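Structure, as structure tokens:
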Amino acid sequence: MELRLQVPSGPLETKWTRHRSEMRLVAPANKRKYHVIVVGSGLAGASAAASLADLGYNISCFCFQDSPRRAHSIAAQGGINAAKNYQNDGDSVFRLFYDTIKGGDFRSREANVYRLAEISASIIDQCVAQGVPFAREYGGLLANRSFGGVQVSRTFYARGQTGQQLLLGAYQALARQIGRGAVRMYARHEMLDLVVIEGRARGIIARDLVTGKINAHAADAVVLATGGYSNIYYLSTNAKGCNITAIWRAHKRGAAFANPCFTQIHPTCIPPTGEHQSKLTLMSESLRNDGRIWVPSRPGDKRGPDGIPEAERDYYLERLYPSFGNLAPRDIASRRAKEVCDQGRGVGPGGNGVYLDFRDAIGRLGRHVVAERYGNLFEMYERITGENPYTVPMRIYPAPHYTMGGLWVDYNLMSTVAGLYVIGEANFSDHGANRLGASALMQGLADGYFIVPYTLGEHLALVKPGGADTSHAAFRQTEQEVTERIRKLLAVGGRRSVDKFHRELGRVMWDKCGMSRNAQGLREALERVRCLREEFWNDVYVGGGSEDLNQALERAGRVADFFEFAEEMCYDALQREESCGCHFREEYQTAEGEAKRDDDRFTHVAAWEFTGVGNTPVLHREPLAFDAVHPSVRSYR
Amino acid sequence: MKVELHVWRQAGPAARGEFVRYDVADVSPDMSFLEVLDVLNEQLVARREEPIAFDHDCREGICGACGMVINGRPHGPERATTACQLHMRHFADGAEIWIEPWRARSFPVVKDLVVDRSAFDRIIQAGGFITARTGSAPEANSLLVPKRDADLAMDAAQCIGCGACVAACPNASAMLFVAAKVSHLGLLPQGQPERYSRVAEMVAQMDAAGFGACTNHGECMAACPKEISIDFIARLNRDYFTARFRRQTSDVGGDGSEA
């Protein structure tokens, strides 16, 4: 396996512009002859499908939800970054680029990140043109707020529902193309495998979730926009349906998987309440703009928040990171929360929580301003916990939220399989070892609106349209394998439910490969995951049949893939003998407990090649070169 | 706490459905309503019975996937709360709870509590958008939008497309859903060029999908988990009549726009 980066030469600032003028083009009259499959309809998938259809390509788009409007991008709350410098506070493309590279702890590719920062401004233009109702100032201009890890205000937002509004913008653009017949939409369809013929991605095998029918779909290129894999932990802020199946299947067919152990744990989520907990709810990071995080100074302090005087409160982020305070980046804020809880200073049931307190903000700004900024988040918190955050401080705890790892892609966002493009959270490309807040929406839309519509031409211009239809042996073969696997899942007929296995896998991964990791724990996890996987295939009970809506069967397939992937994640965490960003190896830390990178040995992307279930995957390294920035110790103190 | 559930079970679109009683013990007041169904489904699986099918995804009240009629009310008894965000602390110990799918001709039952809401997608496809080709957008701040208009547009844009408004309406009308989109886009300067063609196309598609007419019951607003106001229906009606009128006069294009 060879990692061909395809990064254009020349100065960082001109790479993308030059590349765009030099890329191959497909003539307008020929575009409709090319059929492109887009899997996923979130920000990346919907924007890509709509933009490609607008260009004239013939598009099929797949999503497992009942409507493309329900993809998980919809749940993003806080905002989207763009280097517009509307606040005149010194922002620039370079600064956004630099913040993102530094935020990612110098483990991402300069050229990709620079392009992302460059494109960011056009995304806001595009979304406003579509009618996204961003927050405005009284004079009618767009409003901004600040977000974790940066010192400028560059985040655009639509109340606490930015993801929803951006997704509805992309969904409506997609709907328009469906209406005019340029996109064929397959809702309630799940991609179960990738079909590769002579090294080229030529289509997918998908299951109609209502009829159970397995169908082959041929195309000239396949774009995966299927999101991240935080649900490997069972409990995460991801929607219940989020899964790794599409990218894992593609990995098994030859696409390298990059940095699987880079998983982000978000600091501000509502703590779990018990065994029945089915998912975790995020409270937007934007709350940290005005909320102050604290715990009692004394371990085991059982007094209510009101009873603890100011002098006995530890505002630990403000104390440890005076220049960023409560806006310290996510990885740091999460780790510090875990640390104070481990010291016995956590609050709430089980001691798994820290306070996020708005008392001072309400005093300073008045209740109505706080309500205007965060009203819907406060309501959401109250609905879930039964507590009113205007009078009682919120309790929060870290939870898995986003995965920086994903399929390896080159500068054109193509994977190691020709004709297979990967966009949005599903790829690894822009966030290194840690993603900054309000950057996921930016990346999803950059990939979908402004990168893949151009770079796809690089591949399509080289291949003739058509040439492989679903009667090809490879389609028949892959389809058979998919059918056989479903039959096997249903045939086990064991005693334990799919969810029981998923919970157990999640617990192992959270304990051993979660917020902090060590070599011994990772080895134990590898052992445990292997045993569990075997037990799964011998003792799972799925029930029902394969010929109608069977939600347990859907989940079983996804959990089976998580089991295979879990091992690769542990291998990756084990080989990366350094701490960087979200990957915190306990053996590698400074005296102050900060992550200690090892730039000599690990300034690279770890791209794994699949070699069979249960076999050790093969590691390929993409060295990272830093020309425009100098990797420094990432300090927020 | 314990609850007595009566759940609508229906094997498929053409099958005959019925309520089936299930008793669930050990329900925690901190559980969400869907988590009770999860617990029940685990018990059904353990007994080798088919679990209850229901749509759900984000479980944060924003994706709009979940939706069921709980004791006669879409999404249950709590104001501004989707079924996934409804917590058991709002029910009494021993409560008897009846759970049904959305009931509307335009939302046929797929299985148990799952219905087909693709009619909503078709309404958006018919005109619920602003045509803005990728790449040709002007600089964002070149267009000033008064905060009042942006806020009002956002109030309408919050619709999650769950279908509770249809389920609540005695006529199974989709007017609140359509009104929310028509108002969101029609309130913004970007939405003006297609304002009248949009409303005409969306209403035509709504009628074609078999949704009923609005007779001002206001049940939709009461059931809406995002509390979208029926004021937007007034806006829809005004734009719709303007579109009709414009279409009938000779100085406009076929789509209702100024010629």
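Could you tell me which of the residues B:R133, B:R103 is part of a loop (DSSP other than H, G, I, E, B) and away from every other protein chain (no Cβ under 11 Å)? Don't jump to the end; show me each part of the working.
Working: B:R133 fails: away from every other protein chain (no Cβ under 11 Å).
Within the list B:R133, B:R103, the selection yields B:R103.
The single residue among A:Y355, A:Y381, A:Y390 that is closer than 20 Å to A:I270 by Cβ, of a type in the set (F, W, Y) and assigned to a loop (DSSP other than H, G, I, E, B) turns out to be A:Y390. Would you confirm whether or not the stretch A:250-261 contains a residue that is closer than 28 Å to A:S51 by Cβ and surrounded by fewer than 24 Cβ atoms within 10 Å (Cβ to Cβ)? Checked the stretch A:250-261: at least one residue is closer than 28 Å to A:S51 by Cβ and surrounded by fewer than 24 Cβ atoms within 10 Å (Cβ to Cβ). Applying the set (1) assigned to a helix (DSSP H, G or I); (2) at pLDDT below 95; (3) within 14 Å of chain B (Cβ to nearest Cβ) to A:K102 leaves exactly one unmet item: (3). Residues of the stretch A:546-560 include none that is surrounded by fewer than 22 Cβ atoms within 10 Å (Cβ to Cβ), within 11 Å of another protein chain (Cβ to nearest Cβ), touching a residue at least 40 places away in the same chain (Cβ under 8 Å) and in a strand (DSSP E or B).
Looking only at the stretch A:101-112, decide whether some residue is in contact with an Asp or Glu (Cβ under 6 Å, 6 or more places away or on another chain), in contact (Cβ under 8 Å) with a residue 40 or more places away in the chain, outside the structural domain of A:K596 (by TED's automatic domain parsing) and charged (D, E, K, R). Within the stretch A:101-112, none of the residues are in contact with an Asp or Glu (Cβ under 6 Å, 6 or more places away or on another chain), in contact (Cβ under 8 Å) with a residue 40 or more places away in the chain, outside the structural domain of A:K596 (by TED's automatic domain parsing) and charged (D, E, K, R). Restricting attention to the stretch A:354-399, the residues being within 14 Å of chain B (Cβ to nearest Cβ) and in contact with a Cys (Cβ under 8 Å, 6 or more places away or on another chain) number 1. Say we look at the stretch B:106-121 and pick out the residues that are buried (at least 19 other Cβ atoms within 10 Å of the Cβ) and within 8 Å of chain A (Cβ to nearest Cβ); which of these is farthest from A:A187 (Cα to Cα)? Only one residue fits best here, namely B:K111.
Taking first residues from the stretch A:330-351 that are assigned by TED's automatic domain parsing to the domain that holds A:D301 and partners that are of a type in the set (K, R), the Cβ contacts under 7 Å between residues at least 6 apart in sequence or on separate chains come to A:V347/A:R395; A:G348/A:R395. Just to be sure before I move on: is B:R59 more than 9 Å from every other protein chain (Cβ to nearest Cβ), under 20 Å from the mean Cα position of the chain (by Cα) and part of a loop (DSSP other than H, G, I, E, B) in the structure I sent? Criteria not met by B:R59. For the stretch B:144-164, a tally of residues being within 7 Å of chain A (Cβ to nearest Cβ) and of a type outside the set (G, A, S) returns 6.
Can A:E592 be described as under 25 Å from A:L489 (Cβ atoms) and either outside any loop (DSSP other than H, G, I, E, B) or touching a helix residue (DSSP H, G or I) at 6+ places or on another chain (Cβ under 9 Å) (or both)?
When the stated conditions are applied, A:E592 does not pass them.
Considering only residues that are assigned to a loop (DSSP other than H, G, I, E, B) and within 7 Å of chain A (Cβ to nearest Cβ), look in the stretch B:26-47 and name the one that is farthest from the chain's Cα centre (by Cα). This residue is B:S28. Scanning the stretch A:579-632 for residues that are touching a residue at least 12 places away in the same chain (Cβ under 8 Å) and of a type in the set (A, V, I, L, M) gives A:A595, A:V605, A:A606, A:A607, A:V613, A:V618, A:L619, A:L624, A:A625, A:A628, A:V629.
Scanning the stretch A:283-322 for residues that are in contact with a helix residue (DSSP H, G or I) (Cβ under 9 Å, 6 or more places away or on another chain), assigned to a helix (DSSP H, G or I) and among the acidic types (D, E) yields A:E285, A:E318.
The values are calculated or read from the model by the stated rules, or taken from the named source; none is laboratory data. Bear in mind the structure is a predicted one, so any value in this text is a computation, not a measurement. Cβ coordinates were reconstructed from backbone atoms using ideal geometry, including for glycine residues, and neighbour counts include every protein chain displayed.
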